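The values are calculated or read from the model by the stated rules, or taken from the named source; none is laboratory data. It should be emphasised that the depicted structure is a prediction, and the values quoted were computed from it without experimental measurement. Glycine gets a Cβ as well: all are built from the backbone with ideal geometry, and neighbour counts include every protein chain shown.
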Amino acid sequence: MTEIIDKPTDTELRCYDVVLVTNEGAHSTIRCDSRTTVLDAAEEAGLVLKSACHAGGCGACSAVLSDGQVEMSEHDPYVIETPEEEGGILLCRSFPRADCRIDLPYDSGQIVTAPPTRQRARIIGLDRVSDTVMRLRLSLVADADGSSTADFESGQFVRITVPGSEAQRAYSPANIANWDGVLDFYIRLQPGGLMSEYLIGVAAVGDELTVSNATGDFALVENGLRPRWFIAGGTGLSPLLSMLSRMAEWGDAQPARLFFGVTRHGEVFAQDQLRALGSALPGFQFDTLVWQPSPEWAGAAGNPVELAASEAALLDEYPDVYVCGPAPMVDAAYAELTAVGVPHEQIHAERFCAVQ
């Protein structure tokens with residue numbers, strides 16, 4: 001059973017056995033105390049499970065409690081893949097209250113057994129590019145082996161530690177892997193957010209941050225010359241920019257199209273980068289849409305999901321579709337695209353959430 005609370009209530013420290021079971025039936029047993037989340041206990045045991053925000057807002061660490069009892073601290077119930085009444089939980093918010101069995105919705109091959117690494121990075125660029133978005137550019141400092149390579153798959157994310165705290169925030173680079181060690185991010189500014197307050201009021205070029213190694217399985221899928229469509233909401237554009245840039249770098253021949261949406265005109269960003277991609281990536285087209293346009297906005301109005309679905313409905317053969325944005329937008333994309341015939345397995349998505 002699950003019981004939802006605002007914060008762990010156990011004042012006495014107790015330890016429990018938690019059995020993690022993957023899709024193919026592989027079992028791993030970890031010890032987890034009553035004041036530690038299952039996600040953190042797994043990492044301490046050398047098992048890095050699928051996750052992203054670590055704040056109960058994205059759903060990446062969804063799993064199913066099939067036996068035992070946990071308490072969940074504050075979270076967004078909307079993002080859990082399985083209804084809570086059927087045992088759906090978020091591992092980053094789950095504290096055991098008995099021995100448990102938890103079913104993971106993926107194979108053991110997707111569990112990383114190498115411990116996460118941390119590396120210092122220096123701020124080399126900090127620019128407010130819209131009313132709600134800060135562009136942060138980092139240069140990795142050489143590690144103990146002398147390496148400063150920015151090594152990641154387009155679509156993955158890293159975690160940046162907020163200076164002055166132990167809190168970490170997950171962000172996807174907008175650029176591609178490179179030997180120069182440069183990481184380029186578009187970060188949504190949240191009122192009162194820890195990272196937002198740091199970027200707006202404290203951060204300066206030359207400051208150092210701590211960055212984790214890249215993780216995540218949101219990535220381009222090789223399916224011959226099938227066209228690729230991309231749907232982005234706000235800073236969900238970042239990993240899609242990386243994917244499109246990688247296509248240009250590698251000379252991919254697939255036709256590519258982007259549907260990019262924001263709520264208001266002042267939130268639009270990265271238009272110069274998108275136009276540059278039009279020159280570097282033959283056949284690339286993009287639409288930038290504003291949901292609540294002002295009289296000054298001369299571009300298209302509307303919703304990127306609705307536009308993509310309406311155009312997909314006219315096709316005989318469907319593209320692979322990559323979606324990144326808030327959870328409601330991603331869920332709408334699945335619903336509207338499959339309703340017009342796009343196969344579910346051709347939709348690849350990453351949800352993100354606003355974390356304070």
- Task: Go through the range 190-213 and count every residue that is assigned to a loop (DSSP other than H, G, I, E, B) and modelled with pLDDT under 95.
- Result: 5
- Inside the range 285-313, the number of residues satisfying the requirement of being aliphatic (A, V, I, L, M) and either in contact (Cβ under 8 Å) with a residue 60 or more places away in the chain or over 22 Å from V330 (Cα atoms) (or both) is 4
- Item | Those residues of the range 193-218 which are under 21 Å from the mean Cα position of the chain (by Cα) and of a type in the set (G, A, S), in sequence order | G193, S196, S212, A214, G216
- For P282, indicate whether it is closer than 25 Å to P328 by Cα and not polar (S, T, N, Q). no
- Item | Per-region count, the range 218-238, residues touching a Gly at 6+ places or on another chain (Cβ under 8 Å) and in a strand (DSSP E or B) | 3
- Message: Just to check your reading of the model, which residue among T36, T11 is modelled with pLDDT under 90, of a type in the set (V, I, T) and closer than 17 Å to S73 by Cα?
- Response: T11
- Has the range 315-334 got at least one residue that is in a helix (DSSP H, G or I), without any contact (Cβ under 8 Å) to a residue 24 or more places away in the chain and more than 16 Å from the chain's Cα centre (by Cα)? yes
- In this structure, is S212 surrounded by 20 or more Cβ atoms within 10 Å (Cβ to Cβ) and either of a type outside the set (D, E) or free of Cβ contacts under 8 Å to residues at least 12 places away in the same chain (or both)? no
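Let's see how each residue does on (1) among the aliphatic types (A, V, I, L, M); (2) in the same structural domain as P328 (by the TED database); (3) over 20 Å from the mean Cα position of the chain (by Cα):
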{"site": "E44", "(1), (2), (3)": "no, no, yes"}
{"site": "K50", "(1), (2), (3)": "no, no, no"}
{"site": "H54", "(1), (2), (3)": "no, no, no"}
{"site": "A63", "(1), (2), (3)": "yes, no, no"}
{"site": "D67", "(1), (2), (3)": "no, no, yes"}
{"site": "E81", "(1), (2), (3)": "no, no, no"}
- Name the residues in the range 256-286 that are part of a loop (DSSP other than H, G, I, E, B) and not β-branched (V, I, T), would you? R264, F269, A270, L281, P282, G283, F284
- How many residues does the range 215-232 hold that are farther than 21 Å from Y318 by Cα and in contact with a helix residue (DSSP H, G or I) (Cβ under 8 Å, 6 or more places away or on another chain)? 1
- Task: Return only the number of the condition from (1) more than 19 Å from I347 (Cα to Cα); (2) out of contact with any Asp or Glu (no Cβ under 9 Å at 6 or more places or on another chain); (3) assigned to a loop (DSSP other than H, G, I, E, B); (4) without any contact (Cβ under 8 Å) to a residue 60 or more places away in the chain that I187 does not satisfy.
- Result: (3)
- Quick one: would you say S245 is under 20 Å from G325 (Cβ atoms), among the hydroxyl-bearing types (S, T, Y) and surrounded by fewer than 22 Cβ atoms within 10 Å (Cβ to Cβ)? yes
